[in-house]
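The values are calculated or read from the model by the stated rules, or taken from the named source; none is laboratory data. Values in this document were obtained by computation on a predicted structure and should not be read as measured data. FYI the Cβ positions are ideal-geometry reconstructions off the backbone, even for glycines, and counts take in every protein chain you see.
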Amino acid sequence: MNTGYVLLFFIIPISLVGCYEKHHPKMSSGVQQNATHRHYRAVEGELFMMPCITSVHLNEAVAWSRTDDCEEVTVGKHNDLKLLRVETKHSGKYSCITGGFFHLQVVKKTSLRCSDPKENSVTFVVAQGGDIPCPGRNCSDNTNIDWYKGHKPVSEMGRHSKKKDGMLYLGSFRKNDNAVFFCDRKITDGGITWVFRRSVQVTVIRIIVDPPRITYPEDNKTEEVELGRNHTLTCEVYVPCERRTEAHVEWYINYNGSMVNMTQHEPIMESVYVELKVIRKVVIKDVTLLDLNHTYTCVATNKVGSDRATVKLKKKTKVKWQTLVEYAVGSLLLVAGLGFVLRVKWLELQLIYRSRWQYEKHDGADKEFDVFLSYVRSPPSAQMEGGSKPSSSSGPEHVKQTAVCPSIMEPLKMENATRRPLEVLLPQVLEDQWGYRLCLLDRDVLPGGAFTNEVAHALQQSQMLICLLSADYLSDSNAVFVLESGVQALLHKWNLKVLLIWTNRDSTSLIQLDPPLPTLIQRALKVLPCLDWTLGRPPSTTGNFWKSLRKVMPSHKVQSVKG
């Protein structure tokens with residue numbers, strides 16, 4: 001019988017005699033003559049069924065009424081009051097039209113000497129036998145107990161059964177035994193015999209043929225833990241069953257081959273269609289290095305078999321970047337930073353690349369000069385320090401002075417040579433000793449032409465531009481124009497090398513130029529290749545200068561002088 005039936009049998013009260021005679025005048029005498037008084041007791045919250053006297057055919061409609069009310073309500077073609085979960089408010093006197101009065105008294109569970117909710121529900125396996133206990137059997141006189149399956153006495157079921165000590169034994173349970181069984185005890189109270197009716201929900205399941213299976217964790221799984229913090233071990237198991245059955249899932253810690261049970265509480269079970277899902281959790285408090293040396297095993301068992309899975313612990317490696325979002329943000333910031341640097345320093349980067357790596361070696365066949373030398377003459381007092389005549393960039397005078405430098409080392413050995421201004425000494429070394437063809441504006445450029453065009457032509461015909469930088473040079477507009485033209489040629493990918501030689505860097509940094517240098521020149525001075533020369537240095541220091549200069553000079557000289 002379905003335990004979900006709820007009887008809507010509570011009706012408007014009627015009087016015991018007046019209302020009954022009013023609605024059933026023809027049957028009043030018969031009911032009075034055949035009346036049988038029965039007294040029932042039930043426990044609140046339990047299922048209850050009250051039978052009617054069976055003197056009327058079962059197919060007749062039986063009208064149940066509460067005899068202290070004034071109306072009757074027909075509740076169905078049954079000879080019993082349908083199943084309900086009784087409450088104390090349902091206590092009262094009831095009658096059915098076939099005759100008989102029924103007194104129902106609902107008692108509270110708290111009034112019972114002992115009460116165990118597990119007694120109201122039992123589970124059995126199909127085709128196997130078992131005992132159904134009558135609730136309260138441990139606190140009652142268990143003699144003369146009558147058993148019913150629904151409204152039908154068990155003795156009429158034609159089944160092998162046995163009653164003993166408040167228990168009903170059935171030799172074999174069937175699938176249709178999923179029903180409510182009632183056990184009736186007769187007790188006497190105040191001279192009245194009461195039937196104390198208790199209900200038991202019987203559930204019959206299939207035979208389990210499979211062992212449980214652990215779905216998490218996988219066997220020999222390794223879990224990362226943080227030292228000093230709690231770590232939860234979780235075991236998820238599916239137990240084959242039809243409904244809730246007895247299953248044990250436990251965690252063990254392994255100490256040198258011995259297993260110690262860590263489980264303290266019963267598992268929380270969640271029913272599924274054909275399997276029962278069991279989740280068992282244990283907490284390792286304040287993980288230590290000692291805990292990392294142990295293994296932890298989840299064992300699941302039922303009556304058929306068992307399954308197990310072992311977990312090992314390892315120390316979690318802390319990562320500086322914890323999430324993919326942080327990685328993405330870091331990458332974005334890096335790209336943005338590189339973009340900003342490229343945007344701000346793009347000119348410098350171009351000059352560095354083209355001045356150091358882009359220059360292509362060639363034989364100078366398409367060039368007229370090896371070096372375009374740009375300088376501004378030093379003041380006359382500086383030129384006279386060496387005891388020689390001031391140098392001139394004009395052709396004849398320059399040629400006369402170069403005769404004093406027959407080799408690269410000879411100027412360095414001569415005291416008067418080391419005291420000469422570089423604009424005097426450098427042309428002698430490059431042209432007379434090393435054999436390079438120089439382009440000097442005051443010697444090789446014809447007067448009367450446009451200065452800008454002449455400078456551009458000279459740069460195009462030269463393999464290299466050397467600028468002798470000084471305070472006087474950076475203050476001279478024509479000299480600055482030559483330097484700026486060389487930088488522009490470098491940016492426009494002309495096949496030109498640029499070298500800066502500082503003759504007095506300290507004095508240059510102290511002066512305030514008016515007008516200030518162009519921005520292009522200011523940025524180029526920071527990154528273009530350069531050498532330092534100071535007048536009056538000792539020969540050993542000056543020798544390093546000439547060696548460094550020789551390394552950066554063009555490796556191929558012009559083949560002939562074009563006239």
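Per-residue answers, yes or no, for (1) at pLDDT 90 or above; (2) among the hydroxyl-bearing types (Ser, Thr, Tyr); (3) under 24 Å from the mean Cα position of the chain (by Cα):
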site	(1), (2), (3)
Asp189	no, no, no
Ile192	no, no, no
Arg197	yes, no, no
Gln201	yes, no, no
Arg206	no, no, no
Pro212	yes, no, no
Pro217	yes, no, yes
Val225	yes, no, yes
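When the range 151-160 is examined, which residues are found to be modelled with pLDDT under 85 and surrounded by 13 or more Cβ atoms within 10 Å (Cβ to Cβ)? Residues satisfying the conditions are His151, Met157, Arg159.
Taken over the range 171-191, the criterion of being surrounded by 11 or more Cβ atoms within 10 Å (Cβ to Cβ) and part of a strand (DSSP E or B) is satisfied by Ala179, Val180, Phe181, Phe182, Cys183, Asp184, Arg185, Lys186, Ile187, Asp189. Being touching a residue at least 12 places away in the same chain (Cβ under 8 Å), surrounded by fewer than 13 Cβ atoms within 10 Å (Cβ to Cβ), within 30 Å of His37 (Cβ to Cβ) and not assigned by TED's automatic domain parsing to the domain that holds Ala42 is a condition met by no residue of the range 198-214. Every test in (1) out of contact with any Pro (no Cβ under 8 Å at 6 or more places or on another chain); (2) at pLDDT 80 or above is passed by Thr143 save one, and that test is (2).
Selection of first residues in the range 132-154 that are of a type in the set (A, V, I, L, M, F, W, C) and of second residues that are part of a helix (DSSP H, G or I), restricted to Cβ pairs under 7 Å at least 6 apart or on distinct chains, gives the following pairs, ordered by first then second residue: Trp147/Val154.
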